[in-house]
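Down below is the structure, laid out as structure tokens.
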Amino acid sequence: MRIITAAIVGGLIVFGVSAVFHTLTPLGTMGLSFLPNEDPVMQAFKTNIPRSGLYFFPGGTMGKMTEQEQQAWAAKLRSGPSGLIVYTAEGLEAMEPRQLVSELIANILAAAIASILLTFMAAPYITKAISCALLAVFAFLSLSASHWIWYHYPTTFVAAELVMEFIAWLLAGLVIAKIVTPKSA
């Protein structure tokens with residue numbers, strides 16, 4: 001029962017802290033930019049990209065190109081532009097309830113994993129809390145750092161992501177560690 005309680009409370013803390021960061025501080029938008037001259041670019045997207053997806057450009061068939069095709073692709077990459085587009089062809093509503101609920105569920109599931117791991121630790125309370133925050137650093141290094149390295153996500157974007165996640169999970173860890181640690185420990 002302690003793990004379930006810790007997961008729900010920890011997930012709510014991460015969800016709430018993230019909401020504060022994204023709505024009340026500049027951290028939530030660091031590294032994001034708007035397209036200049038957006039209307040013709042969006043029209044070009046509508047005309048030329050029929051399906052939603054994750055698009056890398058300049059395109060190529062990784063690993064399936066001839067030597068000549070690889071050289072041509074490398075030349076296009078060097079001359080620029082290059083990038084990664086997360087594209088949704090159909091319209092969206094801002095902050096749909098489905099998105100918020102999905103985010104909360106993801107936070108609760110992550111907090112459940114953290115809660116389970118903290119129950120395995122024979123360590124002082126503060127060590128457990130800091131370990132929870134270190135899980136955020138682990139996840140960042142495992143995923144977000146790769147996005148920065150390979151896809152050139154803006155440094156300010158990934159740095160802000162690291163700060164937000166570390167703080168959110170440290171705060172959640174302070175509570176999760178208190179809940180999952182037996183009173184006799």
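The values are calculated or read from the model by the stated rules, or taken from the named source; none is laboratory data. Please read all numbers here as calculations on a predicted model, not as lab measurements. Neighbour counts run over all protein chains shown; Cβ positions are idealised from the backbone, glycine included.
Structure summary
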quantity	calculated
Which listed residue is of a type in the set (Phe, Trp, Tyr) and not in a helix (DSSP H, G or I), from PHE15, PHE45, PHE34	PHE34
Positions within the range 62-88 being within 20 Å of ASN48 (Cβ to Cβ), over 22 Å from the mean Cα position of the chain (by Cα) and surrounded by 10 or more Cβ atoms within 10 Å (Cβ to Cβ), in sequence order	TRP73, LYS76, LEU77
Verdict on GLU161 being surrounded by 12 or more Cβ atoms within 10 Å (Cβ to Cβ), of a type in the set (Asp, Glu) and within 23 Å of LEU12 (Cβ to Cβ)	yes
All positions within the range 100-145 that are assigned to a helix (DSSP H, G or I), exposed (fewer than 13 other Cβ atoms within 10 Å of the Cβ) and of a type in the set (Gly, Ala, Ser)	SER102, SER142
Which listed residue is over 26 Å from ALA159 (Cα atoms), modelled with pLDDT of 95 or more and surrounded by 10 or more Cβ atoms within 10 Å (Cβ to Cβ), from ILE8, ILE13	ILE8
Close pairs (9 angstrom Cβ cut-off, 6 or more residues apart or separate chains): surrounded by fewer than 10 Cβ atoms within 10 Å (Cβ to Cβ) in the range 42-54, outside any loop (DSSP other than H, G, I, E, B) anywhere	ARG51/TYR87; LEU54/LEU84; LEU54/ILE85; LEU54/VAL86; LEU54/TYR87
Test: residue in the range 62-79 that is at pLDDT below 90 and either among the hydroxyl-bearing types (Ser, Thr, Tyr) or at positive phi (or both)	yes
